[in-house]
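Report on one structure; see the data block that follows.
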Amino acid sequence: MLDLAFVRANLEVVESKLRTRGGNAADVLADFRSIDQERRERITEAEGLKAARKKLSDEIARLRREGQDASALMEETKQLKARIDELDSASNEDLLRERMTRVPNLPYDDVPVGTSADDNVEVKRWGQPKEFDFAPRSHWEIGEQLGILDLGRAAKISGARFAVYWGAGARLERALAQFMLDMHTREHGYTEVLPPFMVNSRSMFGTGQLPKFAEDLFRCEDGEAYHADAYRENDHWLIPTAEVPVTNLFANETLEDNQLTTSLVAHTPCFRSEAGSYGKDVRGIIRQHQFQKVELVKFARPEDSAAEHEALTRNAETVLERLELPYRRMLLCTGDMGFGSAKTYDLEVWLPGQQIYREISSCSNYDAFQARRAGIRYRPKGQSKSVFVHTLNGSGLAVGRTWLAILENYQQADGSVRVPDALIPYMGTDVIEPRNAAQGVK
């Protein structure tokens, strides 16, 4: 959420920034202008009435000292107080704050202006896509032929956009998650945390999923009907990403200066309704209702967050490089960034079976946007007043998409899949072959 005082003092700048993101955010701020004007008028009227009431109170005191009747003036002060209370209770401050919950974050100045993914800027490319002496296949073909990916049975038991992994397929998923956790905790200095997989509405609000993205989430029917203005603590949603529970670990807390930067990593399932993706990526496991992800989350001082953003992104890139998967880093334009992000890098892995780069990690700096919503502060060294931290997060990596990237990049002409060298200790084999993939399950 944006700072209300900053928006009020810099409305034209805010409107200009939001126009670069597209959508109707500026329309919301036009409403902000009229509401704020009404608020100012009410404050001005209330201040005038308070001054008048003070004068009447002084006059009443004088009349009483002189033994005169002050009942008429007392009735007048009573009426003034009632009007002042009415004005104070209807100051529109709460309405303005509610408007702010629906306004996206402001892009940093170094974010390219654009309207779609076509305007994103490639800032780095690593690795050379492999040249195959046969036509490379897609991961769903490879997985089915190996007997390690079963979309048919998943559809039978759960519906579309679910997957069942057999044998070496399940082991590969588990090996990847363990490999990522080991790297981030042992080499990159993250502390592993295992959070709940269900959170309440207040937590979803804190990281910006609510109220704007309610239709993209799975809600548990264990409480009253959801209302966009009610951020409850006793209802539950399935997490769309570990970013939500991990960021909210420090909700409504004040950290000490020596606790920053705090770097956390979590491996969790993620659940998304994919409400806006009908007809997209219907084949394979690119876009699933349930998938696993290793998430990186940082809490940083404002002056450190830009450097921490680069470090977090580099940590995610290192996973791809150890697995020898070609990728590129994209700086997202203003029109393609997420709702709460001030700056985002996407890492896109090369998929030879589809001849395309696909997102495998999105690494964002949220500035104080989430911290203001969730009430996460820190106390700078030597200061008594606390300020909001900056929060950052990114996939390190999406496990399922790494799984399919390995199948497509390491496929062999005989139908087998070679295991990346870094994963062999976790897999216990250097190749996935049809005969050892799923123990005969067809």
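The values are calculated or read from the model by the stated rules, or taken from the named source; none is laboratory data. This one's a predicted model, so the numbers in the text were calculated from it and none came from an experiment. Every residue, glycine as well, gets a Cβ built from its backbone with ideal geometry; the counts of neighbours run over all protein chains shown. When the accessible area is computed, the model is the full protein with side chains, heavy atoms only, and any ligands, DNA or RNA have been set aside. Shrake-Rupley method; radii C 1.70, N 1.55, O 1.52, S 1.80 Å.
How large a share of the accessible area of the chain, in percent, is made up of carbon and sulfur atoms when the probe is 1.4 Å and the other protein chains stay in place? Walk me through the numbers on the way to the answer.
Numbers: 9910 of 20780 Å².
Heavy-atom surface of the chain belonging to carbon and sulfur, 1.4 Å probe: 48 percent.
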The answer for the per residue Cα convex hull volume of segment 62-211, in Å³, is 351 Å³
Among Ile424, Ile376, Gln411, pick out the residue whose Cα is farthest towards the positive end of the charge dipole of segment 344-442, where Lys and Arg carry +1 and Asp and Glu carry -1 on C-beta, about the Cα centre.
Ile376
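For Phe388, Phe339, give me the order by solvent-accessible area with a 1.4 Å probe, most accessible first, ignoring ligands, DNA and RNA. Write out the running numbers ahead of the final one.
Values: Phe388 45, Phe339 25 Å².
Result of the area sort, largest leading: Phe388, Phe339.
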Of the options Ala61, Ser341, Phe134, report the single residue whose Cα projects farthest towards the positive end of the charge dipole of the chain (beta-carbon charges: Lys, Arg +1; Asp, Glu -1).
Ala61
Taking the Cα centre of the chain as origin and charging only Cβ (+1 Lys, Arg; -1 Asp, Glu), how large is the dipole, in debye to the nearest 20?
380 debye
Scale the Cα Rg of the chain by the rule-of-thumb value 2.2 N^0.38 Å and send over the ratio, two decimals.
1.24
Accessible surface, 1.4 Å probe, highest first, among residues Lys343, Lys381, Lys17:
Lys381, Lys17, Lys343
Around Leu95, under 10 Å between beta carbons, what's the net of Lys plus Arg minus Asp minus Glu among the other residues?
-3
How much of the DSSP beta bridge set in the chain is antiparallel, as a percent to the nearest 5?
90 percent
If the cut-off is a Cα-Cα distance under 25 Å, which lysines reach Lys212, setting aside same-chain residues fewer than 8 apart in sequence?
Lys17, Lys280, Lys293, Lys298, Lys343
Given the C-alpha centroids of segment 394-416 and segment 261-333, what is the distance between them in whole angstrom?
16 Å
Using just the helices of the chain, give the 222 nm mean residue ellipticity in deg cm²/dmol: DSSP H runs with n ≥ 4 each add -39,500 (n - 2.57), and the total is spread over all residues, rounded to 500.
-12000 deg cm²/dmol
Accessible area per residue, Å², the chain with all protein chains present, probe 1.4 Å
47 Å²
Mind putting a number on the dipole of segment 1-153 about its Cα centre? Charges go on the C-beta only, +1 for Lys and Arg and -1 for Asp and Glu, and I need it in Debye to the nearest 20.
600 debye
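Please work out the ratio of the alpha-carbon Rg of segment 270-358 to 2.2 N^0.38 Å and round it to two decimals.
Working: Rg = 15.1 Å, N = 89, 2.2 N^0.38 = 12.1 Å.
Ratio of Cα Rg to 2.2 N^0.38 Å: 1.24.
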Only Cα pairs within less than 10 Å get springs; with that Gaussian network setup on the chain, which residue of Asp414, Asp235, Asp118 has the largest fluctuation?
Asp414
Rank these residues by their accessible area, most exposed first, probe 1.4 Å: Ile424, Ile157, Ile432.
Ile157, Ile424, Ile432
How long is the gain from Ser71 to Arg153 if the chain were fully straight, where each residue apart is worth 0.36 nm and the alpha carbon distance is subtracted?
21.1 nm
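With an 8 Å Cα cut-off and a minimum separation of 6 or more residues, compute the relative contact order for the chain in percent. Write down the numbers at each step before the final one.
Numbers: 831 pairs, mean separation 90.9, N = 442.
Value for the chain: 21 percent.
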Heavy atoms of the protein only, probe of 1.4 Å, neighbouring chains included. What is the accessible area of Phe205 in Å², nearest 10?
20 Å²
